[in-house]
Protein chains: 6
Amino acid sequence: MSRCVIQVINPNTSLAMTETIGEAARRVASAGTEILAVCPSQGVPSIEGHFDEAVATLGVLEQVRLGREQGVSGHVIACFGDPGLLAARELASAPVVGIAEAAMHLATLVATRFSIVTTLPRTLIIARHLLQRYGFEHHCAALHAIDLPVLALEDGQGLAQHKVREMCIQAKRLDGSGAIVLGCGGMADLAQALTQELGIPVIDGVGAAVKMVESLVGLGLSTSKHGDLDYPLDKPLTGACAPLR
Amino acid sequence: MSRCVIQVINPNTSLAMTETIGEAARRVASAGTEILAVCPSQGVPSIEGHFDEAVATLGVLEQVRLGREQGVSGHVIACFGDPGLLAARELASAPVVGIAEAAMHLATLVATRFSIVTTLPRTLIIARHLLQRYGFEHHCAALHAIDLPVLALEDGQGLAQHKVREMCIQAKRLDGSGAIVLGCGGMADLAQALTQELGIPVIDGVGAAVKMVESLVGLGLSTSKHGDLDYPLDKPLTGACAPLR
Amino acid sequence: MSRCVIQVINPNTSLAMTETIGEAARRVASAGTEILAVCPSQGVPSIEGHFDEAVATLGVLEQVRLGREQGVSGHVIACFGDPGLLAARELASAPVVGIAEAAMHLATLVATRFSIVTTLPRTLIIARHLLQRYGFEHHCAALHAIDLPVLALEDGQGLAQHKVREMCIQAKRLDGSGAIVLGCGGMADLAQALTQELGIPVIDGVGAAVKMVESLVGLGLSTSKHGDLDYPLDKPLTGACAPLR
Amino acid sequence: MSRCVIQVINPNTSLAMTETIGEAARRVASAGTEILAVCPSQGVPSIEGHFDEAVATLGVLEQVRLGREQGVSGHVIACFGDPGLLAARELASAPVVGIAEAAMHLATLVATRFSIVTTLPRTLIIARHLLQRYGFEHHCAALHAIDLPVLALEDGQGLAQHKVREMCIQAKRLDGSGAIVLGCGGMADLAQALTQELGIPVIDGVGAAVKMVESLVGLGLSTSKHGDLDYPLDKPLTGACAPLR
Amino acid sequence: MSRCVIQVINPNTSLAMTETIGEAARRVASAGTEILAVCPSQGVPSIEGHFDEAVATLGVLEQVRLGREQGVSGHVIACFGDPGLLAARELASAPVVGIAEAAMHLATLVATRFSIVTTLPRTLIIARHLLQRYGFEHHCAALHAIDLPVLALEDGQGLAQHKVREMCIQAKRLDGSGAIVLGCGGMADLAQALTQELGIPVIDGVGAAVKMVESLVGLGLSTSKHGDLDYPLDKPLTGACAPLR
Amino acid sequence: MSRCVIQVINPNTSLAMTETIGEAARRVASAGTEILAVCPSQGVPSIEGHFDEAVATLGVLEQVRLGREQGVSGHVIACFGDPGLLAARELASAPVVGIAEAAMHLATLVATRFSIVTTLPRTLIIARHLLQRYGFEHHCAALHAIDLPVLALEDGQGLAQHKVREMCIQAKRLDGSGAIVLGCGGMADLAQALTQELGIPVIDGVGAAVKMVESLVGLGLSTSKHGDLDYPLDKPLTGACAPLR
């Protein structure tokens, strides 16, 4: 594989989380892979619902367009709801992978069923819808929420991290799952230690998505431009969205 | 039912289509219902893919916020992909109904299976995903695309209308369906005549959604604010999205 | 919408319940709608299983035939199992809506997932089968039975009503649902107060079905007579069923 | 297995078809099995839709009650829609098996996928619903209708039989199925010859159901009376249905 | 039915369990049926996972080939995972039925939903996969494991039998199921007594499968040799597998 | 990522195909990855059905055990039916990936729906079952068979390759799919050229699986040994299978 540049897009505007995500991506990237960790200049500081996702999607698309101009090899959407995934695939010429799908795909390769641990209960419906869309409803044994907001993962107090760990331990004991999927980009730095401590695969989507993009690039595969993921039809965009094309 | 004001949001910026949609809405609205047909001031002139939907969603949310400030009784999202539906439900206090879901729901009340006739083939995947999300996969016998863009419905030449009619006739003959769902807000004015001519229910989502909103309002039911459709969490939005809250 | 006459059929022979249902229907009917609340002259006093449903279906069909002769605008089948729904659609020329389907449809418009509260545990299987048939399995988070018979709702003691309320409160707290569907026509009068008290949509199918029929009538849509819901083939019926055609 | 008496209920009132069905049942019954082929004294002469099914269900239940009084070992409902199946299970103390379910179950034991050949197109929806209810959607490759009414199978002209044969041959060639399920009790006498001629299992539900009942009886298994198939609750039935209990 | 010889294959090498299974088969076999209870000469002493299944499958195929040479009328695979079922169907000319499928099929004929009670928790995934493959996911209310290995059923101490009984009682009380499926061939001798004691159908797959084979034989139906269950293509097998053809 | 050794197991005994597969694996392997392409010493020369799969599974497990002894970093099962996948995961300590699952997973990342092109029609059922097991039924638009045996891909005449190409072109034109999955390990060398020529992703599972293993290794993830994929329970294997543990 020649040089591979992966744009890892944190869809929210939190610089701390962008750094967490970027570091998690770099930690697992192959030798020949460069990670560009970015976030939108404007938008929403954290994503905890459909409204937040809709707002963040614009930032994702803005970054995908920028990344395409820069000639990146692939894009990662680093929010567990995979916001804007199909729109980004239309816009991109390179592969685009969401961290939720990446984590779920890999989880099915190492366990017959997995559990999901995420942040606020209101985001569970997003994960449920993704499980249905991606086809993994039968592979998910249970979903859990620690009932703390996304940014609690970045407040330096460690309570959110503590609760994630507790929930993973409980999920291992009670769900009959062989693996756990961490349901937030901000948990990316926890996966390795939890995998060690719990003795089961605890999967972070950021790393998983980086590896999926590397895989597609290495195979010479990119988003199909035949059919419904073809580039957006050429139309005059107006207003705040105008620069998107 | 006291006075009911329904905001019918055309998610694209086509004024002609907004008018078509508004007229279709008014034609079926109850005596006590006022229709406010609006479209975003900025965005995309037609919606034919996921990128277009993502862009249009911002306009939908902007209009929902405006409608909420105006105290409307309910909102209709008048594009067959129901763009931004769950985000709009978070933002709104009144009911929000998409035209795809409305048409599909009503179709299952008058036929055991229905066919969908839409515009470009690339939009079929959006309809497929909605069928899965809403639970109507088993109720849809077939999906058809006339292979003309959305705005061909507004070009005054009638070719698109002709093709819709041909496709409906063919669907009636071949699909084993008892009803047809028109898969574009811009086809709203065709439903009644086709229902007459074909002798089967040909369902336009705009009218269907107006009736669903009237129904919810009449029953005193509104979007649940308990759980995952609660108002978006209060956070500082920045940039083009800042006015959304 | 011109004058609309909706025949609301209580499939059991309980006059008290027919009155409860009729009042619930009138409370939400539009100004131009007249409600004809009827029940079969003969049959079963309450419906709590498949056998009861089979017996009641004859009464439903008898009433549908009568309603058709009277030229009603639409029919509601006011028992949560929607007994005889497809047979009634064959027999009717006007729209026919069941209260279970109506409540479930509307529940999906105001919440991402709903709970059902019904009477005896043995009726749960009927609700489960309807969820599967209608496509709403993924939208139903949980089903609950108060373990009292249907007619306890009409005994004037209020115990059943008390248990329904308790169960709804518990369902709101534990199921992660945004709305509750009341699983019996005899609960029709409880929906509004519970919606107020609990602060979430508590949906009664009688009102919901009246609104669905009004919607279909207002849109000029009726049961498709093309295909499998066409009028029953003309054959000599004999015995008790002879008057049905 | 001691003496086993199986009541084979033809739900329609056609004596000719009752005889066809009875003969088919006797042809495959074990040595110790006695076949009582019956049909309702009143009802509908053939079953080609939901209305016909609803009417016929009463006759089925009447016969089940009679059979129970006679102490039969089991009941077969010999119409491909399995009309009244769950109601009959409530009423019966012995096992009750429908010919559609029996044929579908056995088909999955001899082929990975099967095709269905039935009479009128309007009955296809009934078969589709049964496939969904029983869990065999993925096992059915295709459904076909010969477009002749049920009673054409009894008119002595052989056209219907000819069309069934043609359709089976075509299904074998085109559907990728390993077996064919005959979708009407009136086709019961065709299965053996077609199995021979086509060289694939062509399955008649009447014989299949007789064998299922023999199997359950031989295993000492009967309809569960714990839970939702318990005997109907004791209530005063009135009118034509009064003798049902 | 002329003389019927059913080869009941215990896929593991435990002679004690082969005897238990053979006795259970003989107890329910019809007068004209002879039971040949066999097990592979080599393989694995009990089957508690996918690896064990893979190993045991060879023994199953070896026995099927032997049975075919002996001209048996049908084969039963008497391990609840139905190991090698489709491969055995390719190899056999007579019908082949697995005990898991047989028990599940019959359970759906006597109850609307059933529970499964099996041995070790690690085998639950096998049952889950079979439920999905066979189409019975909606018919299974719950799965339970007694957390004892298969051979505890043959150790003469009765602890496993005690735990099975306890689990069945609990399942009856809590699952809302009308029937219980015993999830291990080694439990075959418990079904009748538990059915008596609990008053609900407790179904052993060995007996069920014997009856299914008798049914198919009695109907003149055998594994379809048209399409994907045709005999294995003729190829040179080498090594330990060479004698398999 | 430190040195990574991937054992690519061709489950059949064809040395020519093992070479084709090994070369395809090496072509896409990362710089630090060593490919060990192996096949069983004994078994079946090609895999075209369930019987062949069952036989080949033993060879797969034998190789996995060898690979584990050699300390390989991961295993690929290079037959499109993923024979023995879960058994291999029990046996292995390193990750195990099948080429069917790998190709299907990646196909969903680059297209909304894909088509499968495989060899003999009788293998289609295996692909169908995998789609169901893995959750990708909704992502597969169509399955096609070229109707030539697996080894025609190795006969040097090119007819099979020609037919694969024709089928891919036809699938692109007719299926509405954005990508094609090649349904046989022996087609591994065709993917790149077809991707180029057709202008859509044509995905070979061998390369895909190598990348999936590299991904899992790079992330420090391996088969979960908690729960149902734990090592096989320690039991005395006898006969040809004895060396497997």
Residues that are in a loop (DSSP other than H, G, I, E, B) and either under 19 Å from E:Leu120 (Cα atoms) or in contact with a His (Cβ under 9 Å, 6 or more places away or on another chain) (or both), drawn from segment E:147-178:
E:Asp147, E:Leu148, E:Pro149, E:Asp155, E:Gly156, E:Gln157, E:Gly158, E:Asp175, E:Ser177, E:Gly178
So in segment F:1-38, with the set limited to residues that are polar (S, T, N, Q) and without any contact (Cβ under 8 Å) to a residue 40 or more places away in the chain, which one is nearest to F:Glu214 (Cα to Cα)?
F:Ser2
Among (1) outside the structural domain of B:Arg26 (by the TED database); (2) under 24 Å from B:Arg113 (Cβ atoms); (3) in a helix (DSSP H, G or I), which single condition is B:Cys241 missing?
(2)
Going residue by residue through segment A:222-244, is there one that turns out to be in contact with a helix residue (DSSP H, G or I) (Cβ under 8 Å, 6 or more places away or on another chain) and more than 14 Å from chain B (Cβ to nearest Cβ)?
yes
Quick check on F:Leu221: is it in contact with a strand residue (DSSP E or B) (Cβ under 9 Å, 6 or more places away or on another chain), in contact (Cβ under 8 Å) with a residue 12 or more places away in the chain and in a helix (DSSP H, G or I)?
no
Any residue in segment D:48-61 that is assigned to a loop (DSSP other than H, G, I, E, B), under 30 Å from B:Thr112 (Cα atoms) and within 10 Å of chain C (Cβ to nearest Cβ)?
yes
Residues of segment F:95-119 that turn out to be outside any helix (DSSP H, G or I) and either at pLDDT below 95 or touching a strand residue (DSSP E or B) at 6+ places or on another chain (Cβ under 6 Å) (or both), as a count:
11
Restricted to segment A:210-221 and to residues being in contact with an Asp or Glu (Cβ under 9 Å, 6 or more places away or on another chain) and more than 28 Å from B:Leu124 (Cα to Cα), the residue farthest from the other protein chains (Cβ to nearest Cβ) is A:Glu214
Give all pairs with beta carbons closer than 7 Å in which a residue from segment C:69-89 that is in the same structural domain as C:Ser14 (by the TED database) meets a residue that is among the charged types (D, E, K, R); count only pairs at least 6 apart in sequence or on separate chains.
C:Gly81/C:Glu53; C:Asp82/C:Glu101; C:Pro83/C:Glu53; C:Ala87/D:Glu53
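Output the residues belonging to segment B:58-73 that are at negative phi and either more than 15 Å from the chain's Cα centre (by Cα) or not hydrophobic (A, V, I, L, M, F, W, C) (or both).
Those that are at negative phi and either more than 15 Å from the chain's Cα centre (by Cα) or not hydrophobic (A, V, I, L, M, F, W, C) (or both): B:Leu58, B:Gly59, B:Glu62, B:Gln63, B:Arg65, B:Leu66, B:Gly67, B:Arg68, B:Glu69, B:Gln70, B:Val72, B:Ser73.
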Only one of (1) more than 9 Å from chain B (Cβ to nearest Cβ); (2) touching a Pro at 6+ places or on another chain (Cβ under 7 Å); (3) surrounded by fewer than 23 Cβ atoms within 10 Å (Cβ to Cβ) fails for A:Gly71. Which number is that?
(2)
Scanning segment E:123-140 residue by residue, those within 20 Å of E:His162 (Cα to Cα) and buried (at least 24 other Cβ atoms within 10 Å of the Cβ) turn out to be E:Thr123
Residues in segment C:167-188: is at least one touching an Asp or Glu at 6+ places or on another chain (Cβ under 8 Å) and closer than 21 Å to C:Ala31 by Cα?
yes
Among the residues of segment F:86-108 satisfying the criterion of being touching a Phe, Trp or Tyr at 6+ places or on another chain (Cβ under 8 Å) and among the β-branched types (Val, Ile, Thr), which is farthest from the other protein chains (Cβ to nearest Cβ)?
F:Ile99
Count of segment A:188-215 residues which are in contact with a Pro (Cβ under 8 Å, 6 or more places away or on another chain) and in the same structural domain as A:Leu153 (by the TED database)
1
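What about A:Ile200, is it in a loop (DSSP other than H, G, I, E, B) and more than 16 Å from A:Thr119 (Cβ to Cβ)?
yes
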Given (1) facing chain B (nearest Cβ under 7 Å); (2) in a strand (DSSP E or B), number of the condition C:Val181 does not satisfy
(1)
Just to be sure before I move on: is C:Leu109 without any contact (Cβ under 8 Å) to a residue 60 or more places away in the chain, over 17 Å from the mean Cα position of the chain (by Cα) and closer than 22 Å to C:Ala25 by Cβ in the structure I sent?
yes
Residue that is hydrophobic (A, V, I, L, M, F, W, C), within 14 Å of the chain's Cα centre (by Cα) and either farther than 29 Å from A:Leu91 by Cα or within 12 Å of chain A (Cβ to nearest Cβ) (or both), where the choices are F:Ile77, F:Ile116, F:Ile146, F:Ile125
F:Ile77
In segment D:1-59, which residue that is under 27 Å from C:Leu229 (Cβ atoms) and of a type in the set (S, T, N, Q) is surrounded by the fewest Cβ atoms within 10 Å (Cβ to Cβ)?
D:Gln42
Here is a list: C:Gly218, C:Gly176, C:Gly186. Which entry is under 17 Å from the mean Cα position of the chain (by Cα) and of a type outside the set (D, E, K, R)?
C:Gly186
So, in segment A:193-210, exactly how many residues are out of contact with any helix residue (DSSP H, G or I) (no Cβ under 9 Å at 6 or more places or on another chain) and surrounded by fewer than 18 Cβ atoms within 10 Å (Cβ to Cβ)?
1
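The values are calculated or read from the model by the stated rules, or taken from the named source; none is laboratory data. Treat the numbers as computed from the prediction; the structure is a model and nothing was measured. All Cβ positions, glycine included, derive from the backbone under ideal geometry; neighbour counts span all protein chains shown.
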